[in-house]
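The values are calculated or read from the model by the stated rules, or taken from the named source; none is laboratory data. Every value quoted in this text rests on a predicted model; they were computed, and no experiment measured them. Quick reminder, even Gly has a Cβ in these numbers, built from the backbone with ideal geometry, and neighbours come from all protein chains shown. Keep in mind that these areas ignore ligands, DNA and RNA; they rest on the heavy atoms of the full protein, side chains included. Shrake-Rupley method; radii C 1.70, N 1.55, O 1.52, S 1.80 Å.
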Amino acid sequence: DVKVTQSSRYLVKRTGEKVFLECVQDMDHENMFWYRQDPGLGLRLIYFSYDVKMKEKGDIPEGYSVSREKKERFSLILESASTNQTSMYLCASSLAFNRGDEQYFGPGTRLTVT
Amino acid sequence: QKEVEQNSGPLSVPEGAIASLNCTYSDRVSQSFFWYRQYSGKSPELIMSIYSNGDKEDGRFTAQLNKASQYVSLLIRDSQPSDSATYLCAVFNYQLIWGAGTKLIIKP
């Protein structure tokens, strides 16, 4: 079974703090993704990575950056957290992006910025 | 703008009946189609994938794809209260486009 883990289930941070969300997958998947999910807006792609040290912007990259130094680990960074970044953050991985392979999700991190 | 449309619901279905969930997409050359289930407060989990026209069955679930009509559906037979969740449709053509989901409620 694919296992995707995220560093925290719940996180509370203050406005202006630098926030790190980490994601690890254990199935040697090439592709990793960061989404945020808000009521009524569905899943929105922030960034994705199709290889180590490679990253691509998704639909809403503003205010975020990512890092992928190792194949199994993909980190999302909020450089200066703001209240409008309060959300559920979901990490996913898939085997091969160009075939549209299924994405497998971690449990999510519910981030609250006060 | 590529779009995937789903009725947000809630769709209420009696226990034991067939639940029918629908999804339309705008990109005519989409290649891969997925249904995910998401329980409240949990992350999405894959139920079905379908790649060619027709029906694909897996237990109580059947996915139906009609590329000419740009339409994909999910049927759940013998619906159970544990099927109550939000169902997300996702469509792939060089990028995965997500629908906003349909909330399904199975009433005992």
- Item | FRET efficiency, B:Ala17 to A:Met88 (Cβ-Cβ, R0 35 Å, nearest 0.05) | 0.65
- Message: Taking the alpha-carbon distance from A:Lys57 and a cut-off under 18 Å, which aspartates and glutamates remain once sequence neighbours fewer than 8 residues away in the same chain are dropped?
- Response: A:Glu22, A:Glu30, A:Glu69, A:Glu79
- By accessible area with a 1.4 Å probe, ligands and nucleic acids excluded, highest first: order of A:Val24, B:Val4: A:Val24, B:Val4
- Message: If I stretch the segment between B:Asp58 and B:Asn93 completely, what's the gain in nm (0.36 nm per residue apart, minus their alpha carbon distance), one decimal?
- Response: 10.2 nm
- Diffing the stretch B:47-54: the Karplus 3J(HN,Hα) column from phi (6.51, -1.76, 1.60, θ = phi - 60°), in whole Hz with x for Gly and Pro, holds 9, 9, 10, 9, 10, 10, 4, x
- Once amide hydrogens are built 1.01 Å from N within the peptide plane, the residues lying 5 or more places from B:Gly101 or on another chain with amide H under 5 Å from its amide H are B:Gln6, B:Cys89
- Task: Quick one: work out Rg over Rh on the C-alpha atoms of chain A, Rh as Kirkwood radius.
- Result: 0.95
- Item | Extreme residue, positive dipole direction of the protein assembly as shown, given options B:Tyr51, A:Leu78, A:Ser67 (C-beta unit charges) | A:Leu78
- Task: Collect residues whose amide H, placed 1.01 Å from N in the peptide plane, falls under 5 Å from the amide H of A:Thr86; neighbours closer than 5 in sequence don't count.
- Result: A:Val113
- Item | Greater than 24 Å apart at Cα, pairs in A:Lys55/B:Lys56; A:Lys53/B:Lys2; A:Lys13/B:Lys103; B:Lys42/B:Lys103; A:Lys3/A:Lys71; B:Lys2/B:Lys103 | A:Lys55/B:Lys56; A:Lys53/B:Lys2; A:Lys13/B:Lys103
- Query: Any idea what the dipole of the stretch A:43-114 comes to, in debye rounded to 20, about its Cα centre with Lys/Arg Cβ at +1 and Asp/Glu Cβ at -1?
  - Reply: 140 debye
- Item | the protein assembly as shown - Rg (one decimal) and Dmax (whole number), Cα, Å | 17.6, 51
- Item | Cα centre as origin, Lys/Arg/Asp/Glu Cβ charges: the stretch A:1-99 dipole, Debye | 160 debye
- Item | Mean Cα-pair separation over length for chain A, i.e. relative contact order, pairs under 8 Å, 6 or more apart, % | 36 percent
- Compute the FRET efficiency between A:Arg110 and B:Gln1 as 1/(1 + (r/R0)^6), taking r as their Cβ-Cβ distance and R0 = 30 Å, and round to the nearest 0.05. 0.55
- Message: Need the C-alpha centroid separation for the stretch A:2-33 versus the stretch A:46-114, integer Å.
- Response: 8 Å
- Computed over the protein assembly as shown, protein heavy atoms only, probe 1.4 angstrom, the accessible area per residue in square angstrom equals 49 Å²
- Query: So for chain B, what percent of the C-alpha to C-alpha distances run longer than 21 Å?
  - Reply: 29 percent
- Message: List the trypsin sites (Lys or Arg not before Pro) within the stretch A:1-107 that DSSP assigns to loop and that have no more than 13 neighbouring Cβ atoms inside 10 Å.
- Response: A:Lys3, A:Arg9, A:Arg14, A:Lys18, A:Lys53
